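Encoded as structure tokens, the structure appears first; notes follow it.
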Amino acid sequence: MNLNKKSLIAIVFFLLLAGGGALASYMMGKSLDTQTATVIEEIVEEGQVAFVRLPPVNVPIRQGDQIRRYMQLTVSLEVPEGSSLTAIRRQIPRLRDAFVTELSARSVMRGDGSGVLNLDLLKFRLLKRARTVLGEKYVSDVLLGNAAG
């Protein structure tokens with residue numbers, strides 16, 4: 001009888017563990033799918049321009065030559081009227097790769113040790129990369145949104 005109780009307890013424990021893992025996997029997968037669907041891109045057309053909101057980009061924050069933390073930055077592209085939004089959508093993976101490469105290559109902080117982002121230089125660098133990937137005529141400006149870290 002003692003062996004049967006131990007076996008039953010082991011089976012119940014295993015089922016609870018497996019069920020909990022399956023539920024967690026399902027919920028995480030569902031959450032990731034929902035995030036991917038809502039964050040991939042958001043296009044808002046306003047008169048003469050359209051704004052393409054890109055998925056957040058992780059920006060390394062350096063202190064000296066070491067990465068101390070990461071900050072999540074929201075970036076939107078301002079594209080002129082008549083730009084092919086379909087062509088821009090197809091290039092989003094390349095654009096994100098170019099942004100991550102650019103932001104990882106050099107510091108995004110001011111050089112005065114204040115610990116503040118150099119927003120003007122950051123916008124300039126991202127605009128240059130966006131125009132390299134998409135073409136000069138497809139990007140009017142780069143707009144920076146939330147910076148959380």
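Looking at the range 54-92 only, could you name the residues that are without any contact (Cβ under 8 Å) to a residue 12 or more places away in the chain and more than 16 Å from VAL139 (Cβ to Cβ)?
GLN63, GLY64, ASP65, GLN66, ILE67, ARG68 - these are the residues of the range 54-92 that are without any contact (Cβ under 8 Å) to a residue 12 or more places away in the chain and more than 16 Å from VAL139 (Cβ to Cβ).
Let's see how each residue does on (1) under 22 Å from GLN48 (Cα atoms); (2) in contact with a helix residue (DSSP H, G or I) (Cβ under 6 Å, 6 or more places away or on another chain):
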{"site": "SER84", "(1), (2)": "yes, no"}
{"site": "GLN91", "(1), (2)": "yes, yes"}
{"site": "ARG96", "(1), (2)": "no, no"}
{"site": "VAL108", "(1), (2)": "no, yes"}
{"site": "ASN118", "(1), (2)": "no, no"}
{"site": "ARG129", "(1), (2)": "no, yes"}
{"site": "GLU136", "(1), (2)": "yes, no"}
{"site": "GLY145", "(1), (2)": "yes, no"}
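Being touching a Phe, Trp or Tyr at 6+ places or on another chain (Cβ under 8 Å) and either modelled with pLDDT under 85 or in a strand (DSSP E or B) (or both) is the requirement here; does ASN146 meet it?
no
The values are calculated or read from the model by the stated rules, or taken from the named source; none is laboratory data. Since this is a predicted model, take the numbers as computed values, not measurements. So basically every Cβ, Gly included, is an ideal-geometry build from the backbone, and we count neighbours across all protein chains shown.
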